[in-house]
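The values are calculated or read from the model by the stated rules, or taken from the named source; none is laboratory data. Every value quoted in this text rests on a predicted model; they were computed, and no experiment measured them. Please note: Cβ atoms are built from the backbone with ideal geometry, for glycine as well, and neighbour counts cover all protein chains shown. Only protein heavy atoms, including side chains, enter the accessible area calculation; ligands, DNA and RNA are left aside. Shrake-Rupley method; radii C 1.70, N 1.55, O 1.52, S 1.80 Å.
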Amino acid sequence: MQADARSLPLRSGVYDLVLDKGLIDQFFILEDEGLETGMAHLQSELARVLRRGGHYAFVTIGNKYDRLYSLKKVGVWEEKIEVVELRPSTNTLGASYLFVVTKK
């Protein structure tokens, strides 16, 4: 299936997990509708397809504080956000992180 992540052709509230490797980074780098608007649309759509208590897990090489701010601002996730550093920062690449959030 190929689809716009801001408008998924999936039923609402039925999935336990959304796994993302790189999509959120593209929104931070290339978003054409404005970062906050694009991130709000993305996260709202991902939350829509998740059941209550479902998880959104993503791997990112971006600034973890930017990601945390974005996740908290939308208001669809539980307060507890798990963040695991997968690889420390190097001279050429930023650190990579695994984030896991839970739908309210």
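Ordering 11-20, 64-73, 39-48 by mean Cβ neighbour count within 10 Å, with the highest value first, yields 39-48, 64-73, 11-20.
Between LEU17 and GLN2, the distance separating the two model label sites (each 7 Å from Cα on the Cα→Cβ line) works out to 2.7 nm.
Here the chain is assigned +1 on the Cβ of each Lys and Arg and -1 on the Cβ of each Asp and Glu. Its dipole about the Cα centre then comes out at about 420 debye. Dimensions of the stretch 15-103 from C-alpha coordinates, computed as largest minus smallest value along each principal axis and given longest first, are 40, 28, 19 Å. If you take the charge dipole of the stretch 15-103 about its Cα centre, with +1 on Lys and Arg Cβ and -1 on Asp and Glu Cβ, which of HIS55, LEU93, GLN43 is farthest toward its positive end? Farthest towards the positive end: HIS55.
Keeping all protein chains in place, calculate the accessible area per residue for the chain (probe 1.4 angstrom), answer in Å².
Spelled out: the 1.4 Å probe surface of the chain, per residue, equals 61 Å².
Here the accessible area of the chain is 53 percent carbon and sulfur, with a 1.4 angstrom probe and all protein chains present.
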